[in-house]
Amino acid sequence: MIDAEHLTVQFGERRALDDVSLHVEPGELVGIVGVAASGKTTLLKTLCLLVRPDQGRVRIGAGASASSMAMLRRPSDQTDPSDPTDRSDGIAGDAPDGSAAPLLDLTTLSARDLAAVRARFGFSFQNLALFDQLTAEENVSFALVRRGMADADARLRARAQLKAVGLESAAEKLPHELSGGMRRRLALARAMVARPEVGLYDDPFVGLDPVACARIARFIAREHREVGGVTLVAAGDPAPLFAVATRLVLLEEGSIAADLPPDEFARAADPAVARYLGRSRAA
Amino acid sequence: MNGESALGWVGRHVLGFTSEVGALLLLLLRVARAPFSRTFEWKELLRQTRAFGVESLVVLGSTAALVGGILVIQAGLYVRRLGVQELVGWAAGFGILRDVGPLVAGLVFSGRVGSRNAAELASMATRDQLLGLRAVGVDSVTTLVAPRAHAMVVSLVALYFIGSVISIATAGGTAAALLHIGWPDFWRSFVERTRLADLASGTLKSVLFAMAVALISCHEGLSVSGGAVAVGEAAKKSVVTSALVIVILDLVAAQVF
Ligand SMILES: Nc1ncnc2c1ncn2[C@@H]1O[C@H](COP(=O)(O)OP(=O)(O)OP(=O)(O)O)[C@@H](O)[C@H]1O
Ligand SMILES: [Mg+2]
């Protein structure tokens, strides 16, 4: 679960996010769409505090209360080494006594606690941000190793994740030896490998043809089903998301202009949506 | 300065300068603390030390060789006129160990290693790689910046030693060839009159210069915004600022030790 309230982000004169509130339940796959510079990237980065909001707060389910709180108290890189992907504690966020679990306000956390909480997020960057000197496999296993997983286990897990995105034959390659589409898939694999409760994928479709886009959308949807967490996918062009998203949120100049199920969104009854679809089709 | 008063201009630059210095001090603090963190990359420190050292060795070696020769050629004038042959070894050693050695090593290092370091960090920053680290809960200062900064100190001190040995050797060679001072005489003058304090002073200077190059190049690299142009800009700013700071530190150090 992730809950954002009244997020406002100001870059100098430019208000990139303007009072955005968004609540996403586990199991939802939400598409964040909008024209260029509408604030999609800023929203995703703010949701995991890679950008600190000037106003508003972001809360996630303290969910796993036991493990995530324990993790909070432990130093950042000391998550349970036996199995960092073990999320059997559930994501529903119910405390053992049955009352609603408290929410964790990310905006109040110290840098160290935030680093620990980031283990619950997966982020793929619009401009990839792959580590140039590491092979594909090392790119994927990096976070696992840093969180204390044994090298061999991390390798296995990374291999499996690479296979899941169709990159098993590229494991030993460096990012610059891969095609654009392969790099996109590698960035996704890296973001997904720790089975994040909150997956944030920033425009994984940029520069890809429709077939490759559909393929990426399928990977995201499958991973989303398997993990059962929250997934947000930003996209300039909504087309690949219609088939997989449970909701589409339209950003316009940093504000939410529409928040609809995909079929309704596609019908474009809403004027803002009609305007946007008209533009993105023309483009 | 269109429309801005002179006072405003000065104020803005003083403020800018103060905040830069503040940022540098903050970075220094984080870099200094990093080796005590469990996540400090000792392997990266070793790798970078070797890379930085090897990378600068040829340029530094040839510069140092020339500098040793030049020192003696310049001294030659006075040596002949005043007939103080017995001072040549000392003069070369003193000058090289205390002044020219650290200065040359520092400047070569800043041009060769500092610029590349700034460009590398800048290119990582502009392509979100540093955010990518943060996104997986990894602090880029402890894992990426600090090992480089510490490696710079180690390799610059090593380069200072190597460069000094080369300079003194060519100084001795030049003295023999031009001033007809035999190697034993040169060596005796060097050994008898050079003090350990000269070496200590030079080492201390090298450490200071390395810290300056490390902090400035890392800071320039980390604080870029923009695209590929910004990367080149960061490298350039790093070299210019480092050279300036090295010369200033050299002047200050000359007064203090
Ligand atoms: N670090 C930054 N500094 C200054 N301005 C920024 C920064 N990041 C984003 N902006 C501005 O904020 C606005 C929103 O940018 P953002 O990257 O979130 O848009 P976007 O919807 O992701 O666009 P695109 O589809 O092109 O990726 C833009 O006007 C952008 O110029
Ligand atoms: Mg974007």
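The values are calculated or read from the model by the stated rules, or taken from the named source; none is laboratory data. Given the structure is predicted, the values throughout are model-derived calculations rather than measurements. Cβ placement follows ideal geometry from the backbone for every residue including glycine, while neighbour counts extend to all protein chains displayed. Only protein heavy atoms, including side chains, enter the accessible area calculation; ligands, DNA and RNA are left aside. Shrake-Rupley method; radii C 1.70, N 1.55, O 1.52, S 1.80 Å.
Residue B:39 satisfies every condition listed in (1) part of a helix (DSSP H, G or I); (2) open to solvent by less than 60 Å² (accessible area, probe 1.4 Å) except (1). Evaluation of residue B:202 against the conditions (1) out of contact with any Lys or Arg (no Cβ under 9 Å at 6 or more places or on another chain); (2) closer than 18 Å to residue B:100 by Cα shows that the sole unmet condition is (1). Filter region A:30-47 for residues that are within 6 Å of ligand 1 (Cβ to nearest atom) and either open to solvent by 10 Å² or more (accessible area, probe 1.4 Å) or at positive phi (or both) and give the result. Scanning region A:30-47 gives A:34, A:36, A:37, A:39, A:40, A:41, A:42.
Looking only at residues in region A:11-56 that are away from ligand 2 (no atom under 16 Å from the Cβ) and within 14 Å of chain B (Cβ to nearest Cβ), the one that is farthest from residue A:234 (Cα to Cα) is A:12.
Give the residues of region A:202-220 that are among the aliphatic types (A, V, I, L, M), in contact (Cβ under 8 Å) with a residue 40 or more places away in the chain and open to solvent by 10 Å² or more (accessible area, probe 1.4 Å), sorted by residue number.
Filtering region A:202-220 for residues among the aliphatic types (A, V, I, L, M) gives A:206, A:208, A:211-212, A:214, A:216-217, A:220.
With in contact (Cβ under 8 Å) with a residue 40 or more places away in the chain added as a condition, the list becomes A:206, A:220.
Selection gives A:206 alone.
Hey, does region B:117-138 have a residue that's away from chain A (no Cβ under 14 Å) and farther than 28 Å from residue B:257 by Cα? So that I can check it myself, show each step before the final result.
Initially, region B:117-138 is screened for residues away from chain A (no Cβ under 14 Å), giving B:117-118.
Remaining after also requiring farther than 28 Å from residue B:257 by Cα: B:117-118.
Checked against the condition, which is being away from chain A (no Cβ under 14 Å) and farther than 28 Å from residue B:257 by Cα, region B:117-138 yields at least one hit.
Please work out which residue is surrounded by the most Cβ atoms within 10 Å (Cβ to Cβ), limiting yourself to region B:232-252 and to residues that are more than 14 Å from the chain's Cα centre (by Cα) and of a type in the set (Gly, Ala, Ser). Among those residues, the one meeting the criterion is B:234. Does residue B:104 satisfy the criteria of being part of a helix (DSSP H, G or I), open to solvent by less than 20 Å² (accessible area, probe 1.4 Å), more than 14 Å from chain A (Cβ to nearest Cβ) and not polar (S, T, N, Q)? No, not satisfied. Go through the residues of region A:132-142 one by one and say whether even a single one is buried (at least 19 other Cβ atoms within 10 Å of the Cβ), touching a Leu at 6+ places or on another chain (Cβ under 7 Å) and more than 13 Å from every other protein chain (Cβ to nearest Cβ). Yes, region A:132-142 has at least one match. Quick check on residue A:178: is it free of Cβ contacts under 8 Å to residues at least 40 places away in the same chain, away from ligand 2 (no atom under 16 Å from the Cβ) and either within 14 Å of chain B (Cβ to nearest Cβ) or under 20 Å from residue A:142 (Cα atoms) (or both)? For residue A:178, the condition - free of Cβ contacts under 8 Å to residues at least 40 places away in the same chain, away from ligand 2 (no atom under 16 Å from the Cβ) and either within 14 Å of chain B (Cβ to nearest Cβ) or under 20 Å from residue A:142 (Cα atoms) (or both) - is not met.
Residues are listed down the side, and each one gets a yes or a no for (1) under 20 Å from residue A:265 (Cα atoms); (2) within 14 Å of chain B (Cβ to nearest Cβ); (3) away from ligand 1 (no atom under 16 Å from the Cβ):
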| position | (1), (2), (3) |
| --- | --- |
| A:186 | no, yes, yes |
| A:190 | no, yes, yes |
| A:214 | yes, no, yes |
| A:233 | yes, no, no |
| A:247 | yes, no, yes |
| A:250 | yes, no, no |
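The residues of region A:244-283 that are touching a Pro at 6+ places or on another chain (Cβ under 8 Å), open to solvent by 30 Å² or more (accessible area, probe 1.4 Å) and in a loop (DSSP other than H, G, I, E, B) amount to a single one, A:246. If you go through region B:139-167 and pick out every residue that is within 14 Å of chain A (Cβ to nearest Cβ) and within 21 Å of the chain's Cα centre (by Cα), you end up with 4.
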